[in-house]
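What follows is a short report on a single structure.
The values are calculated or read from the model by the stated rules, or taken from the named source; none is laboratory data. Since we're looking at a predicted model, the values are computed, not measured. Glycine also receives a Cβ, built like all others from the backbone with ideal geometry; neighbour counts cover every protein chain displayed. In case anyone asks, the SASA skips ligands and DNA or RNA and just uses the protein heavy atoms, side chains included. Shrake-Rupley method; radii C 1.70, N 1.55, O 1.52, S 1.80 Å.
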Amino acid sequence: MTTKLKGAQILIECLQREGVETVFGIPGGVNLPTFDALYQSPIKVVLTAHEQGASHMADGYARASGKVGVCLATSGPGATNLVTGLATAYMDSIPIVALTGQVRTSVIGNDAFQEADTIGITRPVTKHSYLVKDVRDMARVVREAFHIAATGRPGPVLIDLPVDSTVNEAEFEYPKQVNIRGYKLQAAPAINMAQVRAAAEAIAKSKKPIIYVGAGVIHSGASAELLQLAKTLKAPVTTSLLGLGAFPESDPLSLGMLGMHGFEYTNLAVAECDLLIGIGARFDDRVTGKPDEFARHAKKIHIDVDPSSINKTVRVDYAVVGDVRQVLIELNKLVKGADTSDWLKQLAEMKRQYPLTYREKGRLLPQYIIQQIAEATRGDAVIATGVGQHQMWTAQYYQFNKPRSLITSGGLGTMGFGLPAAIGAQFGRPKDVVWDIDGDGSFQMTSMELATAAKQRLPIKIAIMNNQFHGMVRQWQDQFYESRYAASELNVVDFVKLAEAYGCVGLRVDKKEGVRPAIEQAMSVADRPTIIDFLVEQKENVWPMIAPGKPHFQMLGTYAMLSKDGGVPQHRRATPDEESKLSLG
Amino acid sequence: MSEKHTISCLVENHFGVLSRVANLISARGFNIDSLTVSATEDPTISRMTIVVDADAVKLEQVKNQLNRLIDVIEVQEMKEGRFIDRELLLAQVKVNGAALAKLEALTQRYGAKVAHATDQSVVVEVAGDTKTLDQLVDELRKYGVLKLVRTGRVALEK
């Protein structure tokens, strides 16, 4: 006869069978039984300063390691504090299992102390959720939750645990398999070979193809298959923000990032191509600009695991639904080498004519700092970011060559993501160097997690591009609101003192010469976090830029504009004459 | 072109499924005319019949998004001419004296019946397809409709 276990013990037994080694969270009234069971297990519990931090750590852990991240919070405020992290993970399709405490089943709905309708509040930001009303459901629910989080299009799953479900006893039997009748197709959609053949035929007809890659390639581990496709077709590859690292940017076929702050030549190339092969990407509005004008001369192929992504914002000519890696394996069997030499020559010329650049101003510039971090780490580090200008500069100037090396909030654009995500990433990749490249505004939204990083003696490096502004907001106010800085100016914070207060190393740099030595010094610290407070030019802008809703060939901050004496004027739009030149018709 | 479509979903018969579907419909900005939930031949499965007002692209999105829900087992579009649909209507109509006889003749033409009657009004009950019910409502309005309720469409494939 099997012995009976408490619900919390069953939960921990299941977590161990799912391979969970580290969880992030905060104890409280109703989840004490769960924490007590964790205490007696080999699973490492990382106490965070705030539950939002726990959710971002689970997210960073998942993005860096490819495993499911786990976070825990108590009922009520603990659970509501997770919401931003769940929404972040949901938008970027990151596998997380969130375990929330709940008041006991008999008082649910009675406005009990620390009660919130967690399932209701999190429904729009989770892939699925469970309320465990009966301890006998515990093992099945946990098994299903991990399966749903990690398969198909990944995403966060929440399990709400009324305290009685964790203290009541049941016989423990780990379900041998998962059987969810509404989910079988989503978990492993069958590939329609007719669709693959149609895509291959369209590829064979193309003279100017571009492969447009998103995070789906990283989630499905399809980088090798992507490289093979690109090499066979001799087709250039551009990535979305979240796709960075899926294809090596050092490769001659790489076009880097496209979209709102993508490279000028990349956006011009997309406007020129005759075939766009979208792989594991969702044609986000930051990528497409004005959807009707996006790759307007191109036939479009879309390969994605999620049928609901197809034709959502941009109509495509060929759709292939399935796991990206499996589809690419099939597609690679069908495609033949193509002669794209004229196209590649044209692109090389565009690259030469419209390079990514910035204007030296005498003051310390974030772009330079990021280039130096890239050099010092030889592009091998795991880079987390917050959200804003520094995030875009990181995307532009740190060459990402490996999958899972950029940890950033793309879809939701969650400021404050950087530090906790870096902490999670360091647990997921203990041997790798982890940096958080952050802005002073973004960093201060979750800076209390320095306590977590210091307590765990994590050697993460935090580079703060300190411009005393919400820089991206300030940039838009300059561009579109006649420089009225409504609530975008920040106070002056001494981040060196802040670092010291938490037991971290703090360094300050305000000159170019100081950049590399500070980076080297940070790299030599092995037993605690290091903050480098970079006092940078306050009004540097991210260029180039496609204004929201504008087509790709209308960019601000182009190479031509930057190389003129006056730089980029404010409040301006490209003139029709410039437009015709930029479109390279 | 936007038009009415009938979608039939088989869903898990447990707690919270209706709110998941309703949440999805409002979050994605879909326009729905009606939504009914009812038992099926299998006690673990419920059927939702949803009438949406959408063009072809939006309709595809509705079906795809519904399919994404873990608790949704099957999504089927009821194609024109291949299904039987019905809804139930109750209407309280102001009527007395001589008009009553005319009303009774009308209800008979529509296969409706008078479910309840007082001196001042009657409650008319009828089941039928949407178009027939719309026509009857137009006729009833000539008498004065005091209150009206419809169940929304349920449908089965032929």
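Computed values, structure above
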{"item": "For A:Asn401: the one exception among (1) surrounded by 23 or more Cβ atoms within 10 Å (Cβ to Cβ); (2) assigned to a loop (DSSP other than H, G, I, E, B); (3) over 13 Å from the mean Cα position of the chain (by Cα)", "result": "(1)"}
{"item": "Options A:Thr84, A:Thr74, A:Thr3; residue that is under 21 Å from the mean Cα position of the chain (by Cα) and either open to solvent by less than 10 Å² (accessible area, probe 1.4 Å) or among the β-branched types (Val, Ile, Thr) (or both)", "result": "A:Thr84"}
{"item": "Failed item in (1) touching a strand residue (DSSP E or B) at 6+ places or on another chain (Cβ under 8 Å); (2) open to solvent by 10 Å² or more (accessible area, probe 1.4 Å), with A:Lys231 passing the rest", "result": "(1)"}
{"item": "Boolean, A:Gly424 is free of Cβ contacts under 8 Å to residues at least 60 places away in the same chain, open to solvent by less than 10 Å² (accessible area, probe 1.4 Å) and closer than 23 Å to A:Ala501 by Cα", "result": "no"}
{"item": "Answer from B:Glu80, B:Glu60 - the residue that is more than 10 Å from every other protein chain (Cβ to nearest Cβ) and modelled with pLDDT under 95", "result": "B:Glu80"}
{"item": "Output for segment A:22-58, where each listed residue is more than 22 Å from the chain's Cα centre (by Cα) and of a type in the set (D, E, K, R)", "result": "A:Asp36, A:Lys44"}
{"item": "Test: residue in segment B:9-17 that is assigned to a strand (DSSP E or B), away from every other protein chain (no Cβ under 13 Å), in contact with a strand residue (DSSP E or B) (Cβ under 7 Å, 6 or more places away or on another chain) and not β-branched (Val, Ile, Thr)", "result": "no"}
{"item": "Single unsatisfied condition, A:Ile310 versus (1) open to solvent by 30 Å² or more (accessible area, probe 1.4 Å); (2) within 14 Å of chain B (Cβ to nearest Cβ); (3) in contact with a helix residue (DSSP H, G or I) (Cβ under 9 Å, 6 or more places away or on another chain)", "result": "(1)"}
{"item": "Qualifying position, being within 18 Å of B:Ile7 (Cα to Cα) and open to solvent by 70 Å² or more (accessible area, probe 1.4 Å), among B:Lys131, B:Lys113, B:Lys102", "result": "B:Lys131"}
{"item": "Within segment A:168-186, considering residues that are crowded, with 16+ Cβ neighbours inside 10 Å and touching a helix residue (DSSP H, G or I) at 6+ places or on another chain (Cβ under 8 Å), the one nearest to A:Ile277 (Cα to Cα)", "result": "A:Gln186"}
{"item": "Long-range neighbours under 7 Å by Cβ, at least six apart or interchain, first residue in contact (Cβ under 8 Å) with a residue 24 or more places away in the chain and under 15 Å from A:Met260 (Cβ atoms) within segment A:464-476, second crowded, with 22+ Cβ neighbours inside 10 Å and among the aliphatic types (A, V, I, L, M)", "result": "A:Gln475/A:Val542"}
{"item": "Pick from segment A:285-307, criterion in a loop (DSSP other than H, G, I, E, B) and open to solvent by less than 40 Å² (accessible area, probe 1.4 Å), ranking: nearest to the other protein chains (Cβ to nearest Cβ)", "result": "A:Asp306"}
